[in-house]
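Below you'll find the structure, written out as structure tokens, and then a few comments.
The values are calculated or read from the model by the stated rules, or taken from the named source; none is laboratory data. None of these values were measured; they are calculated from a predicted model. As a convention, Cβ positions derive from the backbone with ideal geometry for all residues, glycine included, and neighbour counts pool all protein chains shown.
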């Protein structure tokens, strides 16, 4: 790694340390490149760690449909619990250990464990000097080398305000909002495209670039039966308590309610919420068996299930609150005005704190009465003073104008025959994914959009900008539409995207060719795809017979 004063140089810059950024850095490092990886918070891992979101994964994830390195990460989490935590005998020997037994995720765990595993995967490269990790640094500027190349990225230390110039032959934008696309004036899209442009059945007639999905400020929650952790009502509590989503079709009432809408049918749905009883009151569980899963809101994204651990009064259930009730959509994080973006973040935090107070004081209890005063935040889990996540959970970013844009008709099951078992197959595939198109309510007033998909591929063309030759996207900023972003934004897909991009940058660096040539030339492309396969990246879904043996909806949201 080359350093001089405030200028630093590597082969590849990875700006953004979320899942895509970590996977990109790891792939580039394992290919022999020198890497600088930056992260805006003090935790790498993005949605898995700093944003407090347990992984959303498809039902085949334990057997296939993931990269080898992503599975190494998952097994690293399980190994951590087996070696360092006092598990029950059943949990310790369970090959599919799920520390939280969340019903939305086959592997729900504390974010600090995911953080430790990611650092362990990167540590040999940091120790060798080929990786320089810069935490608490955000990109603030770009230096162009030519019209189609970025020479350097200027990052600012969020603690001191000091700036550094980072140079690299390739630059990977793995930021949560596609920040480099704006800083470098890269051709990109925001919000919704018009149906006339994409031909998508679910697209609107008129494009609305300002219309972005809600984001959520998640928090970790525990319940101490018999305790009273209620504080003063947060500022503007009454306004948030009575707030109704300004969306179409209409929400059935105030958002602070256990009645919402089924995203797939738009029919009212009634959520069940019941924090666990005190250990002395809880029914006994046979610790020699895997605990049963009850589909309540508490268990939805639970990251610690005390039944998995040996009896200890200090170990209590912990769940993550990432519900429709704290989806924030009043303002967009992609608004060009700094004051609007700042207000959006402040208000989203206030919304989540108001939801907590409502749960403590006014939420209806199944057995009668209101509120659970024993609920409290877990700052130690979130890694923050107040117990809210370090960063907001972002669902939608700026998206590059790519050589190929993935559209709804590429992946939606309704666009294929009844016997189809997979979506469109691409010759330039660099990985696979599977998830429904899941769009949350938007700043422009749209309700949920939920569309069934077939298992899909990640085409290389969606990862390459139309013009720049040394910038690549590695998160939610690839060439999807507003619609298809809804199924390409989840944990294993973002990891696969990052891994493919990191390997691509290293491949192009080694052979001194631009990514566009890898895409256009079948010889180069196939050489690159063989490298991915050698890394354990699955380019295609297995035969239908093998896929039929799994349950693709076992853990679907």
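Under the condition of being surrounded by 15 or more Cβ atoms within 10 Å (Cβ to Cβ) and part of a strand (DSSP E or B), the residues counted in the range 127-175 number 26.
Of 264, 272, all but one fail to be over 25 Å from residue 370 (Cα atoms), outside the structural domain of residue 86 (by TED's automatic domain parsing) and either in contact with a strand residue (DSSP E or B) (Cβ under 6 Å, 6 or more places away or on another chain) or part of a loop (DSSP other than H, G, I, E, B) (or both); the exception is 264. From the list 210, 200, the one residue that fits, being within 25 Å of the chain's Cα centre (by Cα), over 21 Å from residue 392 (Cα atoms) and outside the structural domain of residue 324 (by TED's automatic domain parsing), is 200.
Just one of 93, 82, 72 is without any contact (Cβ under 8 Å) to a residue 60 or more places away in the chain, under 20 Å from residue 503 (Cα atoms) and in the same structural domain as residue 489 (by TED's automatic domain parsing); which is it?
Working: 93 fails: under 20 Å from residue 503 (Cα atoms); 82 fails: under 20 Å from residue 503 (Cα atoms).
That would be 72, the only listed residue that is without any contact (Cβ under 8 Å) to a residue 60 or more places away in the chain, under 20 Å from residue 503 (Cα atoms) and in the same structural domain as residue 489 (by TED's automatic domain parsing).
With respect to the stated conditions, residue 368 is over 26 Å from residue 448 (Cα atoms) and surrounded by fewer than 17 Cβ atoms within 10 Å (Cβ to Cβ). If the condition is being under 23 Å from residue 437 (Cβ atoms) and part of a loop (DSSP other than H, G, I, E, B), then the range 42-52 contributes only 51. Whenever a residue of the range 283-303 is in the same structural domain as residue 51 (by TED's automatic domain parsing), it has no partner that is loosely packed, with under 11 Cβ neighbours inside 10 Å lying with C-beta atoms less than 6 angstrom away and at least six residues away or across chains. Candidates 367, 347, 396: the one that is outside any helix (DSSP H, G or I) and within 24 Å of residue 179 (Cβ to Cβ) is 396.
Being more than 19 Å from residue 330 (Cβ to Cβ), in contact with a helix residue (DSSP H, G or I) (Cβ under 6 Å, 6 or more places away or on another chain) and either at pLDDT below 95 or in a strand (DSSP E or B) (or both) is the filter here; which residues of the range 207-236 pass it?
So in the range 207-236, the residues more than 19 Å from residue 330 (Cβ to Cβ) come out as 207, 220-233.
Retained after the next criterion (residues that are in contact with a helix residue (DSSP H, G or I) (Cβ under 6 Å, 6 or more places away or on another chain)): 220, 230, 233.
Listed by number, the list holds a single entry, 220.
The residue that is surrounded by the fewest Cβ atoms within 10 Å (Cβ to Cβ), among those in the range 188-202 that are touching a residue at least 40 places away in the same chain (Cβ under 8 Å) and part of a loop (DSSP other than H, G, I, E, B), is 199. Residue check: residue 336 meets all listed conditions (1) surrounded by 22 or more Cβ atoms within 10 Å (Cβ to Cβ); (2) closer than 20 Å to residue 476 by Cβ but one, namely (1).
Return yes when residue 387 is touching a strand residue (DSSP E or B) at 6+ places or on another chain (Cβ under 9 Å) and on the phi > 0 side of the Ramachandran plot and no when it is not. Give the steps one after another, and end with the answer.
Numbers: touching a strand residue (DSSP E or B) at 6+ places or on another chain (Cβ under 9 Å): yes; on the phi > 0 side of the Ramachandran plot: yes.
Against the criterion (touching a strand residue (DSSP E or B) at 6+ places or on another chain (Cβ under 9 Å) and on the phi > 0 side of the Ramachandran plot), residue 387 qualifies.
Number of residues in the range 438-463 that are buried (at least 21 other Cβ atoms within 10 Å of the Cβ), without any contact (Cβ under 8 Å) to a residue 60 or more places away in the chain and within 30 Å of residue 245 (Cβ to Cβ): the value is 2. Among the residues in the range 279-296, are any outside any loop (DSSP other than H, G, I, E, B), surrounded by 11 or more Cβ atoms within 10 Å (Cβ to Cβ) and under 26 Å from the mean Cα position of the chain (by Cα)? No, the range 279-296 contains no residue that is outside any loop (DSSP other than H, G, I, E, B), surrounded by 11 or more Cβ atoms within 10 Å (Cβ to Cβ) and under 26 Å from the mean Cα position of the chain (by Cα).
So that you can scan it fast, the table gives a plain yes or no per residue for (1) surrounded by 20 or more Cβ atoms within 10 Å (Cβ to Cβ); (2) under 27 Å from residue 297 (Cα atoms):
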| position | (1), (2) |
| --- | --- |
| 69 | yes, no |
| 80 | no, yes |
| 85 | no, yes |
| 93 | no, no |
| 105 | yes, yes |
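Inspect the range 309-327 for any residue being surrounded by 19 or more Cβ atoms within 10 Å (Cβ to Cβ), in contact with a helix residue (DSSP H, G or I) (Cβ under 6 Å, 6 or more places away or on another chain) and either closer than 28 Å to residue 444 by Cα or in the same structural domain as residue 49 (by TED's automatic domain parsing) (or both) and give the result as yes or no. Yes, there is a match, as at least one residue in the range 309-327 is surrounded by 19 or more Cβ atoms within 10 Å (Cβ to Cβ), in contact with a helix residue (DSSP H, G or I) (Cβ under 6 Å, 6 or more places away or on another chain) and either closer than 28 Å to residue 444 by Cα or in the same structural domain as residue 49 (by TED's automatic domain parsing) (or both).
Residue count for the range 1-29 satisfying the condition of being over 30 Å from residue 389 (Cβ atoms) and modelled with pLDDT of 95 or more: 2. Comparison of 350, 343, 354 shows that the only residue that is within 23 Å of the chain's Cα centre (by Cα) and in contact (Cβ under 8 Å) with a residue 24 or more places away in the chain is 350.
Restricting attention to the range 77-96, the residues being in contact with a helix residue (DSSP H, G or I) (Cβ under 7 Å, 6 or more places away or on another chain) and under 16 Å from residue 286 (Cα atoms) number 4. For the range 102-126, the set of residues classified as under 15 Å from residue 318 (Cβ atoms) and either assigned to a helix (DSSP H, G or I) or out of contact with any helix residue (DSSP H, G or I) (no Cβ under 7 Å at 6 or more places or on another chain) (or both) consists of 105, 108, 111, 112, 113, 114, listed by residue number.
Here's the yes/no breakdown for (1) crowded, with 17+ Cβ neighbours inside 10 Å; (2) in contact (Cβ under 8 Å) with a residue 24 or more places away in the chain; (3) closer than 30 Å to residue 136 by Cα:
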{"site": "182", "(1), (2), (3)": "yes, yes, yes"}
{"site": "186", "(1), (2), (3)": "yes, yes, yes"}
{"site": "206", "(1), (2), (3)": "no, no, no"}
{"site": "217", "(1), (2), (3)": "yes, yes, yes"}
{"site": "225", "(1), (2), (3)": "no, yes, no"}
{"site": "238", "(1), (2), (3)": "no, no, no"}
{"site": "245", "(1), (2), (3)": "yes, yes, no"}
{"site": "274", "(1), (2), (3)": "no, yes, no"}
{"site": "277", "(1), (2), (3)": "no, yes, no"}
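Which of the helices (runs of 4 or more DSSP H) contained wholly in the range 409-528 include at least 2 residues that are closer than 30 Å to residue 104 by Cα and assigned by TED's automatic domain parsing to the domain that holds residue 244?
Values: elements: 485-488, 491-511, 515-520.
Because the criterion is at least 2 residues that are closer than 30 Å to residue 104 by Cα and assigned by TED's automatic domain parsing to the domain that holds residue 244, no helices (runs of 4 or more DSSP H) in the range 409-528 meet it.
Yes/no matrix, rows are residues, columns are (1) outside any helix (DSSP H, G or I); (2) touching a helix residue (DSSP H, G or I) at 6+ places or on another chain (Cβ under 6 Å); (3) within 28 Å of residue 154 (Cβ to Cβ):
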site	(1), (2), (3)
14	yes, yes, yes
28	no, yes, yes
32	yes, no, yes
37	yes, yes, yes
40	yes, no, yes
54	yes, no, no
66	yes, yes, no
